[in-house]
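Heads up: the structure comes next, in structure tokens.
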Amino acid sequence: MRGLEEIGWVNNLKWFNRIVASGDSRAIWRWLANEEVSPYVEFVEDAFYNLRDADVDREGIIERLNSRKDIDIMLVMGAEAGILLSNAQHDTNIFVFAASNAVRSGIIDSVEDSGKDKVWAHMDEQRFERQIKAFYDIVQFKKLGMVYEDSDNARVYSAVNEVEKLAEENGFEIVRYHVREPRSPEEYPRYYQEVQDAYNKLAKEVDAVYVTIASLESEKLPHLFQPFYENKIPIFSQLGDIEVQHGALITVSVMDEVNIGRFGADNISKCLLGAKPRQLEQSFQSAPVIILNSEVAKKIDFKLPFELLIVVDKAYKDIEGL
């Protein structure tokens, strides 16, 4: 939205930051739909869908795109939603953000060419390689722990291939446990118990852990991470800032939301002026941002190298929720 504002497609975002601060994406969308934010773009109130809602009708979304034809562009967040809409039969332009690797997920054919006229996906194909290498350079671990679902899709968004490549190059061992991610709200208790059991085991077997992108609510992290605190295990977050705020030691954030937003807005504006998504540039590399939790460092007696201290971009002094 800020990117669209900068280039003139949106001209009234007064109070927008206040609603964004709620962290509720449905509320943000409702606000955009009901405020006069643009003379050019309409945000359709009933065109917001969350695939994690128990009653979401996936086939109904595709049916709407084919029958009502009232949507010109769908903003799509994450690999699961990208896979659903990029592989379905419809003629709506889709712009996919926040998919770990849109090529390996099967959303697009390649960085250079999505392979589908109506499909575009943001790509930063080496972001997790840069992130994991930075973690290794900081900690120099011998055994790295990971917990993720043993499925093709989860291996992509958990950057398993990237970790395996770095392990082969640097000679460290990966200790891994598999869990089943929840498919409905009723499955969350089982899922969290599986994650906790895996963390309890890992804390006694590794000298660092890589917390991969998963269905973890940030408020639950301080409790889930207790075994790592007790055993002095550095916790590195793949997801980023919010997990460091809630108890991970460090992240190298590879999601520069401001400039990715500008990049996406520029491409969306070109589509609104007639370009096909397939014709647009998809690759944009984010500058790394190092975020640290100094309270976690104290808890695990982690001595921060001076070289790291002088390049930290942001530091939390306590653990949210603990």
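The values are calculated or read from the model by the stated rules, or taken from the named source; none is laboratory data. Predicted, not measured: the structure shown is a model, and the values here were computed from it. FYI the Cβ positions are ideal-geometry reconstructions off the backbone, even for glycines, and counts take in every protein chain you see.
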Worksheet item: Taking the stated definitions as given, is residue 211 over 19 Å from residue 125 (Cβ atoms) and touching an Asp or Glu at 6+ places or on another chain (Cβ under 8 Å)?
Response: yes
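Within the group 272, 292, 308, which residue is under 22 Å from residue 247 (Cα atoms), surrounded by 14 or more Cβ atoms within 10 Å (Cβ to Cβ) and over 23 Å from the mean Cα position of the chain (by Cα)? Before the answer, list the steps.
Details: 272 fails: under 22 Å from residue 247 (Cα atoms); 292 fails: over 23 Å from the mean Cα position of the chain (by Cα).
Just a single option satisfies the conditions, and that option is 308.
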Discussion item. On the basis of being of a type outside the set (Lys, Arg), in the same structural domain as residue 156 (by TED's automatic domain parsing), touching a helix residue (DSSP H, G or I) at 6+ places or on another chain (Cβ under 7 Å) and outside any helix (DSSP H, G or I), does residue 302 make the cut?
Written reply: no
Fill in: Output for region 275-289, where each listed residue is surrounded by 14 or more Cβ atoms within 10 Å (Cβ to Cβ), within 21 Å of the chain's Cα centre (by Cα) and of a type in the set (A, V, I, L, M, F, W, C)
284, 289
Worksheet item: Of the numbered conditions (1) farther than 22 Å from residue 119 by Cβ; (2) part of a loop (DSSP other than H, G, I, E, B), residue 41 satisfies every one except a single condition; which is it?
Response: (1)
Worksheet item: Can residue 65 be described as within 22 Å of residue 260 (Cα to Cα), in the same structural domain as residue 99 (by TED's automatic domain parsing) and over 18 Å from the mean Cα position of the chain (by Cα)?
Response: no
Item to complete: Report, by residue number, each residue of region 261-293 that is farther than 13 Å from residue 95 by Cα, among the β-branched types (Val, Ile, Thr) and out of contact with any Ser or Thr (no Cβ under 6 Å at 6 or more places or on another chain).
Response: 290
Item to complete: Output the residue which, of all residues in region 96-153 that are hydroxyl-bearing (Ser, Thr, Tyr) and not assigned by TED's automatic domain parsing to the domain that holds residue 199, is farthest from residue 269 (Cα to Cα).
Response: 105
Item to complete: Give region 90-109 a look and list any residue that's touching a Leu at 6+ places or on another chain (Cβ under 8 Å) and either of a type in the set (Ser, Thr, Tyr) or assigned to a loop (DSSP other than H, G, I, E, B) (or both), or say none.
Response: 90, 91, 92
Worksheet item: What helices (runs of 4 or more DSSP H) lie completely within region 200-288 and have 2 or more residues being modelled with pLDDT under 95?
Response: 241-245, 257-272
Practice prompt. Write out, first by first residue and then by second, each pair whose Cβ atoms fall under 9 Å of each other, whose residues are 6+ apart or on separate chains, and whose first residue, in region 1-24, is at positive phi and exposed (fewer than 12 other Cβ atoms within 10 Å of the Cβ) while the second is of a type outside the set (A, V, I, L, M) and not in a loop (DSSP other than H, G, I, E, B).
Written response: 8/269; 15/31
Practice prompt. For region 37-50, indicate whether the set of residues that are surrounded by 12 or more Cβ atoms within 10 Å (Cβ to Cβ), over 21 Å from residue 273 (Cβ atoms) and β-branched (Val, Ile, Thr) is non-empty.
Written response: no
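Listed here are the residues, each with its yes/no results for (1) over 27 Å from residue 202 (Cα atoms); (2) not aliphatic (A, V, I, L, M).
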| position | (1), (2) |
| --- | --- |
| 109 | yes, yes |
| 120 | yes, yes |
| 124 | yes, yes |
| 145 | no, yes |
| 175 | no, no |
Worksheet item: Picking from 180, 190, which residue would you name as being free of Cβ contacts under 8 Å to residues at least 24 places away in the same chain and either crowded, with 20+ Cβ neighbours inside 10 Å or closer than 24 Å to residue 200 by Cβ (or both)?
Response: 190
Practice prompt. Might you let me know whether region 103-111 holds any residue that is buried (at least 21 other Cβ atoms within 10 Å of the Cβ), more than 13 Å from residue 153 (Cβ to Cβ) and of a type in the set (A, V, I, L, M)?
Written response: yes
Practice prompt. Being touching a residue at least 24 places away in the same chain (Cβ under 8 Å) and surrounded by fewer than 20 Cβ atoms within 10 Å (Cβ to Cβ) is the filter; apply it to region 246-262 and report the residue that is nearest to the chain's Cα centre (by Cα).
Written response: 255
Worksheet item: Of all residues in region 44-89, which are among the β-branched types (Val, Ile, Thr), without any contact (Cβ under 8 Å) to a residue 60 or more places away in the chain and part of a helix (DSSP H, G or I)?
Response: 61, 62
Worksheet, complete the sentence: Here the residues within region 275-297 that are over 30 Å from residue 232 (Cα atoms) and among the charged types (D, E, K, R) are 276, 278, 281
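Being of a type in the set (Gly, Ala, Ser) and either at positive phi or surrounded by 21 or more Cβ atoms within 10 Å (Cβ to Cβ) (or both) is the filter here, so list the residues in region 199-243 that pass it.
Restricting attention to region 199-243, the residues satisfying the condition of being of a type in the set (Gly, Ala, Ser) are 203, 208, 214-215, 218, 237, 240.
Correct list: 208, 237, 240.
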